[in-house]
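Just below is one structure, and these are the notes that go with it.
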Amino acid sequence: MLCVLGLAALGIAILNEKSFGVTAEGKVLLKTLHSYVGYVFAANLVWRLVWAFLGGYYARWKNVLPVGRGSGTALRAYVREFISGNPPTYVGHNPLARLMVTFLLLLLFTQAVTGLVLAGTDLYQPPFGSAIAEWVTGGDADKLKRLQPGSKDHVDLAAYDDMRAFRKPIVTTHLYAFYVLMVSIFIHIVSVVVTELREKNGLVSAMITGEKVFSETPVDLQATPSEKRSET
Ligand code: HEM
């Protein structure tokens, strides 16, 4: 969460560099800071994806993704009862939250992949930086040694233009995924607050303590209680 906020703030600074009067070196510095935070973010994301295979019962893919037998019926029932003001309670993500979390994970994954490519095209940083540096210098060892991010001084101009054409749809995807992510995060926060207020289940504090409060037996504990209790 902190990484995403930091990335969004630095991203907004990159987007508005002209209005902020940022110099060419300042722009490279902003992108470099953004990409360093991006590496921490990408490592966290990979860990979360791996944790969905190794983690506790409610962190696993089958309890996060909106898939599996009965998921459509559960979603319709949840929406119906949510609208009527008495939604069923869940220990893990409720069916609507599964949709939201999956969408957020897809957006974050898109940002991580496109961001890692941009770290290569804009800064010649890993994991793709050396291949891209080789591309824009045409493999010339001398140019390669002098190559600087944010400068066209030691590039093969035709190869550099090809690289920029390759980069264009990637930076566009990174930018539009950023806009969609900001709107989704806002909807996500509003949904969490509404769920907390309606269900009075301590959802927000459960993000730190892992403890939710229930006044009735949750739906996903009811289904196969012995299996679920033993795995948490
Ligand atoms: C939630 C994650 C992220 C968000 C919200 C985000 C947001 C942004 C935004 C708003 C921009 C400006 C786009 C533009 O100038 O058109 C940007 C640019 C950039 N991002 Fe990210 N980013 C994220 C993840 C990453 C990651 C993981 C990396 C790499 C490790 C990365 C590397 C870059 C680079 C190199 C640029 C400069 C591209 C340019 O010239 O605009 N980003 N990012």
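The values are calculated or read from the model by the stated rules, or taken from the named source; none is laboratory data. Only a predicted model underlies this, so the values are computations on that prediction, with no experimental measurement involved. Cβ sites come from the backbone with ideal geometry, for glycine too, and all protein chains shown count toward neighbours. Ligands, DNA and RNA are stripped out before the accessible areas are found, and what is left, the full protein with its side chains, is counted by its heavy atoms. Shrake-Rupley method; radii C 1.70, N 1.55, O 1.52, S 1.80 Å.
A simple charge model with +1 on the Cβ of Lys and Arg, -1 on the Cβ of Asp and Glu and nothing else charged puts the dipole of segment 144-225 at about 420 debye relative to its Cα centre. Each label point was placed 7 Å from the Cα along the Cα-to-Cβ direction; for Ala52 and Ala24 their separation is 4.3 nm. Helix 157-199 and the long axis of the chain differ in direction by around 20°, with both axes built from C-alpha atoms.
Using +1 on the beta carbon of Lys and Arg, -1 on that of Asp and Glu, and nothing else charged, what's the dipole of the chain about the Cα centre, debye to 20?
440
As an exercise, use a Förster radius of 41 Å and the Cβ-Cβ distance of Met182 and Lys145 to find the FRET efficiency, rounded to the nearest 0.05.
On the way: r = 40 Å, r/R0 = 0.98.
After rounding, the FRET efficiency stands at 0.55.
Considering only Leu157, Leu10, Gly202, the residue lying farthest towards the positive end of the dipole of the chain is Gly202, judged by Cα position with unit charges set on Cβ.
Quick check: at a probe of 1.4 Å, how many percent of the accessible area of segment 36-131 sits on carbon and sulfur atoms? On segment 36-131, the fraction of accessible area on carbon and sulfur atoms equals 72 percent.
Fully extending the segment from Leu75 to Tyr160, taken as 0.36 nm per residue of separation minus the present Cα-Cα distance, adds 25.7 nm. Rounded to the nearest 10 square angstrom, Phe178 shows an accessible area of 30 square angstrom against a 1.4 Å probe.
The stretch between Ala43 and Val190, if pulled fully straight at 0.36 nm per residue, gains 50.2 nm over its current Cα-Cα span.
With runs of 4+ DSSP H residues as the only contributors, calculate the mean residue ellipticity of the chain at 222 nm using -39,500 (n - 2.57) per run, divided by the residue total and rounded to the nearest 500.
Working: 10 runs with 163 residues, N = 232.
Taken over the chain, the calculation gives -23500 deg cm²/dmol.
Relative to the longest principal axis of the chain, what angle (0 to 90°, nearest 10) does the C-alpha long axis of helix 24-54 take? Roughly 40 degrees, rounded to the nearest 10. Taking the 0 to 90 degree range and rounding to the nearest ten, how far is the long axis of helix 95-123 tilted relative to the main principal axis of the chain, both from C-alpha atoms? So the inclination is approximately 10 degrees.
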